[in-house]
Amino acid sequence: MIAPESRPTKTKPLPTAADLAHRVLRDGEFWRSIPAYAEVDEATFLNHIWQGQHSVKTPEELLATIKGLVPESFIEDVRDGFHRAPMAVRVSPYMIASIDWSQPETDPIRTQFIPLGSRLRPDHPMLTLDSLHEQDDAPVPGLTHRYHDKALFLPLNICPVYCRFCTRSYAIGADTDVVDKVDLHLDMKRWQTAFDYIASRPELEDIVISGGDAYQLSPRNITAIGDALLGIDHVRRLRFATKGLAVMPSKVLTDHAWVDALTGVVERGRKHGKDVVVHTHFNNPNEISAITQRAVDVLFQRGITVRNQSVLIRGVNDDLATMLLLVRRLSYINVHPYYVYMHDLVRGVEDLRTTVATSIELERNVRGSTAGFNTPVFICDAPGGGGKRDVHSYEYYDRENGISVFTAPSVKPGEVFFYFDPIDALSPEAQARWSDQEIRTEMIEAARAKALETRR
Ligand code: SF4
């Protein structure tokens with residue numbers, strides 16, 4: 001037996017600067033490097049009304065904001081991208097100031113919000129505009145009831161920014177040159193119909209209030225929705241979904257009425273034993289600055305839980321170093337990294353999608369790097385309405401042709417759901433197979449048969 005004092009010690013090596021990079025947050029008046037914001041002081045830049053009024057919506061506004069930082073050829077590329085995009089464009093000054101304009105083509109924030117014509121790829125042949133079939137599972141307009149005990153309420157169709165990859169590009173934002181949207185504008189009568197439906201369904205315990213974005217709801221509307229839903233006995237959990245913390249965090253620092261309204265709903269919920277939380281949407285660690293930390297601190301000090309749902313996006317967070325930094329930085333500022341979704345099959349953004357294999361590999365490497373409760377679940381929201389499936393839980397995955405098959409026994413028993421990897425990520429031979437309609441159908445049917453065989 002070795003005496004304790006003579007046992008070799010097992011001291012871990014000290015962390016390197018890279019190991020602690022998640023604690024280094026962009027601080028100071030970083031926005032002043034943008035020509036249009038050079039003279040903007042802190043109080044003005046943080047003001048949520050100023051942020052909303054100075055959001056960029058056209059190539060001309062972008063040019064006026066960043067004049068001199070990019071060549072005219074880049075703006076031409078943006079013009080082409082705007083013209084072909086299914087989503088309206090809206091980018092907050094906070095996001096504009098978070099982009100590295102010395103390399104805008106590859107910047108992860110530019111990639112998410114400002115389309116470049118030169119980067120667009122043809123859509124996957126199996127893609128539809130409402131890939132999650134939210135409209136098919138909507139018993140009343142703006143309310144999706146897919147899961148047994150949970151419903152998704154869409155009170156409005158506007159957001160503080162518009163994301164190129166939005167799942168709801170069928171409804172969110174203004175019509176574009178290529179898409180006429182489903183009308184989900186703010187309408188109290190429509191809301192009442194949704195509340196009546198929820199009240200009539202005793203199995204509904206969990207309501208997600210999304211949109212659009214809860215950031216765009218007035219304090220009065222936050223209170224009205226919160227009170228209406230908390231007043232329904234069987235509703236036990238509310239989630240206000242907002243991307244706001246990622247794209248305009250300073251609203252939490254300057255719109256006191258909005259934060260008070262949200263806090264009021266959380267506190268009334270708590271008094272009645274009901275859980276009210278915020279779900280947000282960071283995709284890249286560069287979105288998190290010292291301003292974000294101050295904003296999240298406000299919610300944390302009021303006892304409001306914030307969870308994050310990322311989308312896995314090519315060139316934004318599909319490499320291990322970026323995903324680890326995102327997970328650690330979110331955890332550091334007290335936001336739980338809850339989900340990482342496969343990018344939905346959405347029109348006009350094939351350049352942003354990546355493969356199921358990428359997601360599986362990232363999950364393998366992220367798990368174990370931090371505490372389990374801060375480790376996101378990597379999921380695929382099965383196109384066609386199968387709901388969220390763990391990426392590892394496919395019934396069959398034809399990696400060569402990029403076809404994964406999922407089932408969802410507790411959502412839609414007996415049905416199978418397909419996710420398709422982006423075609424340009426496949427081998428030249430597989431790409432050729434996808435260009436042939438007959439072979440394409442055969443490949444999908446073969447994958448279905450394999451999946452059903454595995455189930456037996
Ligand atoms: S904030 Fe959410 S709902 Fe709005 S455009 Fe982005 S992803 Fe879509």
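The values are calculated or read from the model by the stated rules, or taken from the named source; none is laboratory data. Only a predicted model underlies this, so the values are computations on that prediction, with no experimental measurement involved. Because the Cβ atoms are built from the backbone with ideal geometry, glycine has one as well, and the counts that use them run over all protein chains shown. The protein model used for the area step is the full one, side chains on, heavy atoms only, and it has no ligands, DNA or RNA in it. Shrake-Rupley method; radii C 1.70, N 1.55, O 1.52, S 1.80 Å.
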- So which residues in segment 150-164 are out of contact with any strand residue (DSSP E or B) (no Cβ under 6 Å at 6 or more places or on another chain), open to solvent by 10 Å² or more (accessible area, probe 1.4 Å) and more than 7 Å from the ligand (Cβ to nearest atom)? Asn157, Ile158, Arg164
- Query: Do we have any residue at all in segment 283-302 that's outside any helix (DSSP H, G or I) and either under 13 Å from the mean Cα position of the chain (by Cα) or within 16 Å of the ligand (Cβ to nearest atom) (or both)?
  - Reply: yes
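Yes/no per residue for (1) under 18 Å from the mean Cα position of the chain (by Cα); (2) modelled with pLDDT under 95:
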{"residue": "Glu60", "(1), (2)": "no, yes"}
{"residue": "Leu63", "(1), (2)": "no, yes"}
{"residue": "Ser73", "(1), (2)": "no, yes"}
{"residue": "Arg79", "(1), (2)": "no, yes"}
{"residue": "Phe82", "(1), (2)": "no, yes"}
{"residue": "Arg90", "(1), (2)": "yes, yes"}
{"residue": "Pro93", "(1), (2)": "no, no"}
{"residue": "Asp100", "(1), (2)": "no, no"}
{"residue": "Pro125", "(1), (2)": "no, yes"}
- Can Asn308 be described as among the polar types (S, T, N, Q) and more than 16 Å from the ligand (Cβ to nearest atom)? no
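Restricting to helices (runs of 4 or more DSSP H) lying wholly in segment 13-90: which have 3 or more residues that are in contact (Cβ under 8 Å) with a residue 24 or more places away in the chain? Outline the logic, then answer.
Numbers: elements: 42-46, 48-53, 59-66, 72-84.
Of the helices (runs of 4 or more DSSP H) lying wholly inside segment 13-90, those with at least 3 residues that are in contact (Cβ under 8 Å) with a residue 24 or more places away in the chain span 48-53, 59-66, 72-84.
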- Query: If you go through segment 376-393, how many residues are crowded, with 17+ Cβ neighbours inside 10 Å and outside any strand (DSSP E or B)?
  - Reply: 6
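For residues that are of a type in the set (A, V, I, L, M) and closer than 22 Å to Val252 by Cβ, scanning just segment 214-228, find the one that is farthest from the chain's Cα centre (by Cα). Let's see the steps before the verdict.
Within segment 214-228, the subset of a type in the set (A, V, I, L, M) is 214, 217, 222, 224-225, 228.
This time we only want the ones that are closer than 22 Å to Val252 by Cβ, so: 214, 217, 222, 224-225.
Working: Ala214: 14, Leu217: 19, Ile222: 21, Ala224: 26, Ile225: 23 Å.
Taking the candidates together, the pick is Ala224.
May I ask you to list the residues in segment 12-40 that are among the β-branched types (Val, Ile, Thr) and more than 26 Å from Leu62 (Cα to Cα)?
Thr16, Val24
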- Query: Does at least one position in segment 437-454 carry a residue that is in a loop (DSSP other than H, G, I, E, B) and not hydrophobic (A, V, I, L, M, F, W, C)?
  - Reply: no
- Hits in segment 108-124 (condition: open to solvent by 10 Å² or more (accessible area, probe 1.4 Å) and in contact with a Ser or Thr (Cβ under 9 Å, 6 or more places away or on another chain)): Pro108, Arg119
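With respect to Phe406, determine if the residue is closer than 25 Å to Asp137 by Cβ, touching a His at 6+ places or on another chain (Cβ under 6 Å) and open to solvent by less than 30 Å² (accessible area, probe 1.4 Å).
On the way: closer than 25 Å to Asp137 by Cβ: yes; touching a His at 6+ places or on another chain (Cβ under 6 Å): no; open to solvent by less than 30 Å² (accessible area, probe 1.4 Å): yes.
Spelling it out, it is not the case that Phe406 is closer than 25 Å to Asp137 by Cβ, touching a His at 6+ places or on another chain (Cβ under 6 Å) and open to solvent by less than 30 Å² (accessible area, probe 1.4 Å).
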